[in-house]
Each structure stands twice: as C-alpha cells, then as structure tokens.
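Working notes for the structure below.
The values are calculated or read from the model by the stated rules, or taken from the named source; none is laboratory data. Small disclaimer: the values here were computed from a predicted structure and weren't measured. Positions of Cβ are backbone-derived with ideal geometry, glycine not excepted, and every protein chain shown enters the neighbour counts. Just so you know, the surface numbers come from the protein's heavy atoms only, side chains and all, with ligands and any DNA or RNA stripped out. Shrake-Rupley method; radii C 1.70, N 1.55, O 1.52, S 1.80 Å.
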Amino acid sequence: MSAFLRPLGVEHPLVQAPMSGSNTPALVAAVSGAGGLGSLGAGYLEPQALLEQAAQIRAAIDRPFALNLFVLPDDFEVDEAQVDAARRRLDALMESEGLAVRTERPARWAPRFSDQLAALREARPAVASFAFGLLSTAQVRELQARNVRVVGTATSVAEARAWAERGADAICVQGAEAGGHRGTFLHAPEEALVGLFALLPLTVAAVDIPVFAAGGIMDGRGMVAAEVLGADASQLGTAFLACPESAAAEAWKRDLPQAADHRIGTIYSFSGRAARGLRNRYVAAMQPFAGELPPYPVLNALTAPLRRAAAAAGRGDLISEWCGQAAALVRPMPAAELVRMLMREYAAARCTPA
Ligand SMILES: Cc1cc2nc3c(=O)[nH]c(=O)nc-3n(C[C@H](O)[C@H](O)[C@H](O)COP(=O)(O)O)c2cc1C
C-alpha cells in the first residue's frame, strides 16, 4: 500500500509513467480506471492541447491522474550555423533512405514552459510530476495550494534532496535502466547513470518524503523488489508502451519484445538530450556527427517530422524507439488488463491475497 497514493484514492502502488509523445488520454484513463495512477506526459503539448487532453481523461474516468511537464526555460539560444548544418545532415540521411520528408524550421522550438505550467495549474490534476529541472518553492506551493501534489524526478541523491528542499511531496527516482529521456538536471548525464538498486535505497535514506522507483520494472516481482528497497510505489513506462492505448508506432511496438538488452543505450542524436532507447540504423548513421548536433529541444524539433514520416513508412530503424533496459519483458495487452496482471504478480511475489 502506498502512503502517498492511497490517501489520494489510488488503490495500487503503481504509477504508469508519463511518456510524452507516446501516451494518450485513453492510456491514462485505462490505468487510473484500473486502480493505478495514470500519468499524461504533456511535455510536448501546447497549453490548449494539455487542457483538452486533461478534459478527455476526466470525461472518461472520475479517478485521480497525473500530469507531467519538462521544466525548461521559456526561450532558447540557437546557433543558426549549427542548425543549418544539422538540417543538411538529416535531409541527406532521409534522402539516402528513400524518404521524401525534409526538416523544417518550426515556429517555436518547444512550448513555453511557463504557459504549460499555467495550464497545468488550471487543469488541477491530483498529481503533477516534473523532469529535467526544479520548480521554485513558490511554484511548488502554488500547486499545493490548489490541492495538486508535486512529484520531482531525480537521477541522483543530490537531485532528490534539491526537490525535497523545494517542498515536493514525493520523489520519483529514475534509475539508469529507465527508458526515455534522462531527467538529470544537476549533473552531466553520464555522471548520473546510477542503477535503481543503488539509487533507491540511497534516496530513501536521504529524504523523508515518499520515493517512487522507476527504471526497468516490468512485472509484479520488480514492484515487490522496489518495495523491499523502500519504494512507496513503482513507476513503469516501457511495460505500457505496447498496449493498444499507447501511441508508440507499430514498428516500435513490434521491436520491443526482441529488444536485446545490449542494444539499448543512451542516445543523443534524436533529441539533443540523453535518452535511453534502441540503437538502430539512424543512431549508427548519426554517430559520426554526434558532436555537431544542436542541443535539446532544437534537435528534437528538427527530427520530429522525420520521425513521424519514418513511423508512417513503417521504418522502425529510423525512429526514436525509447525503451528501458528490460524492454524484452514487455507484454502487449490492454492497459487495464496489464494493471490487473501486474497486481496479481505483485500479490503472489509478496505472498499476499490478490
Ligand atoms: C517513451 C517514453 C517517454 C517518456 N517520457 C517521459 C516524460 O514525458 N516525462 C517523464 O517524467 N518521464 C518520461 N519517461 C521516463 C519515465 O518516467 C520512467 O522514468 C521510465 O519509463 C522508467 O523506466 P522503464 O521505461 O524501464 O519502465 C519516458 C519513458 C519512455 C519509455
């Protein structure tokens, strides 16, 4: 039983991880409806879309859910020469792969964080979680005053302490195993690749608020293992990627069960920020230019139309197939069914009645 989630009315110690770009209101509603905490990663959504998707979740279920944002500056400095060089490289790659799509310069590189945060405040989810940075104490308090609990993502003990000092209600520790972008904000990404078995008990000892465990947890056994190490709840992302409610491309869903652990690595070349996923043909092709590519969110915006076109063409080898290290343990099934299966396994591993 989760000390954090239970008082909110969430039955199970299970959080479906926010997965920007791959989650849908239907996925969140299915998980929350089945007694877990569904989370909508809204990092790529403009404020209006965030509000609409939150309304869709509310229309589907009368249960708590989470909204999640990337904490970023509102504006970014851009090296125009670097952008032009990256566009030439990316366009040449698409041409050599026989895809007609070319890069475009978007009107904005990313939605403005302060506008997204205002929309999140208006949406008033039961839980708001954040990655890539820290809110100010005032921002944390503003959310709490609206009865929104705040969860900060940490990839090191220092980051967990920083969130606790800002007044967060809980921490989500993201072990090195975790799929998707690293939440790291105080360190160079390669310095904060701490495995969950080390990071979780270290963090539990360092802060006096509940800690969620994320990274490589794919079944009920993993949830119990995390609980034994002090986790208040487990946050699973990759496990939900192959659900019919997930928006991951079909080729990506097909590749997950065959995703060999040694082929899953830290990748910069899709987004300009460290993220865990499958090292595929695109990653190999861009490897020689790693040092020349623009940082997040510029590269992320430049590659977005290319990834969409490659996904539509069924080219899993050219899209960002984010996944955690244990991806091959994925079980494609409807999300509510997966929640029920996870909780049966959890009960069996704990030797308690389901
Ligand atoms: C496709 C994908 C997208 C993700 N997007 C987000 C996000 O928007 N916000 C966030 O805080 N974490 C995001 N994550 C990371 C998860 O919160 C979590 O740390 C991770 O899924 C746990 O590891 P696992 O995938 O092995 O379960 C994402 C993960 C994946 C796989």
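Measure off, as a whole percent, the carbon and sulfur share of the 1.4 Å-probe accessible area of the stretch 1-125, all protein chains present.
Ligands and nucleic acids excluded, carbon and sulfur reach 48 percent.
Taking each pair of different alpha-carbon atoms in the stretch 182-326 once, compute 1/r for the pair, average those values, and report the inverse of that mean as the Kirkwood hydrodynamic radius in Å to one decimal.
Taking every pair of different Cα atoms in the stretch 182-326, averaging 1/r and inverting gives 16.6 Å.
At a Förster radius of 22 Å, what calculated FRET efficiency corresponds to the Cβ-Cβ distance of E95 and A284, to the nearest 0.05? Intermediate values should be presented prior to the final figure.
Details: r = 17 Å, r/R0 = 0.78.
So, using R0 = 22 Å, E works out to roughly 0.80.
For the chain, count the residues as N, evaluate 2.2 N^0.38 Å, and divide the Cα radius of gyration by that value, please.
Normalised by 2.2 N^0.38 Å, the Cα Rg of the chain equals 0.94.
Taking +1 at the Cβ of each Lys and Arg and -1 at the Cβ of each Asp and Glu, which of L293, A168, A335 sits farthest along the dipole of the chain towards its positive end, judged by Cα position relative to the Cα centre?
Final value for the positive-end residue is A335.
For the stretch 269-313, max minus min Cα coordinate along each principal axis, in Å, sorted largest first?
Result for the stretch 269-313: principal-axis Cα extents of 29, 20, 18 Å.
Top mean-square fluctuation among N23, N300, N68, Gaussian network model of the chain, C-alpha springs under 10 Å?
In this elastic network of the chain, the residue with the biggest mean-square fluctuation among N23, N300, N68 is N300.
Accessible area per residue of the chain at 1.4 Å probe, in Å²?
About 40 Å² of surface per residue is accessible.
Using a Gaussian network model of the chain whose springs link C-alpha atoms within less than 10 Å, name the residue from A214, A86, A231 with the highest mean-square fluctuation.
A86
Over the alpha carbons of the stretch 1-97, what is the largest minus smallest coordinate on each principal axis, giving the biggest first in Å?
52, 32, 26
Compute the separation of the alpha-carbon centres of the stretch 123-198 and the stretch 287-354 and state it in Å as a whole number.
20
What are the ³J(HN,Hα) values, in whole Hz, obtained from phi via the Karplus relation 6.51 cos²θ - 1.76 cosθ + 1.60 with θ = phi - 60°, for each residue of the stretch 77-85 in sequence order, with x given for Gly and Pro?
So the Karplus estimates, Gly and Pro as x, are 7, 10, 8, 4, 5, 5, 4, 4, 5 Hz.
Taking 0.36 nm per intervening residue step and subtracting the Cα-Cα distance, what contour gain separates H262 from A81 on full extension?
61.6 nm
I'd like the carbon and sulfur percentage of the solvent accessible area for the stretch 167-254, probe radius 1.4 Å, heavy atoms only, ligands and nucleic acids excluded.
Here carbon and sulfur together make up 57 percent of the probe-accessible area.
Among DSSP bridges having both ends in the chain, what percentage is antiparallel? Round to the nearest 5.
20
If you place +1 on the Cβ of every Lys and Arg and -1 on the Cβ of every Asp and Glu, how big does the dipole about the Cα centre of the chain come out, in debye to the nearest 20?
540
Rounded to whole Å and sorted largest first, what semi-axes of the equivalent ellipsoid does the C-alpha gyration tensor of the stretch 204-283 yield via the square root of 5 times each eigenvalue?
27, 16, 12
If I fit a long axis through the Cα atoms of helix 196-206 and take the longest principal axis of the Cα atoms of the chain, what angle between them do I get, 0 to 90°, rounded to 10?
Taking Cα atoms only, the helix is inclined about 50 degrees.
What share of Cα pairs, in percent, lie more than 15 angstrom apart in the stretch 41-135? Provide the component values of the computation, followed by the final result.
Values: 3005 of 4465 pairs.
Within the stretch 41-135, distances greater than 15 Å cover 67 percent of Cα pairs.
Using the Karplus equation 6.51 cos²θ - 1.76 cosθ + 1.60 (θ = phi - 60°), what ³J(HN,Hα) coupling, rounded to whole Hz, does each residue of the stretch 35-46 give in order, writing x for Gly and Pro?
Rounded to whole hertz, the list is x, x, 10, x, 10, 9, x, 10, x, 9, 8, 5.
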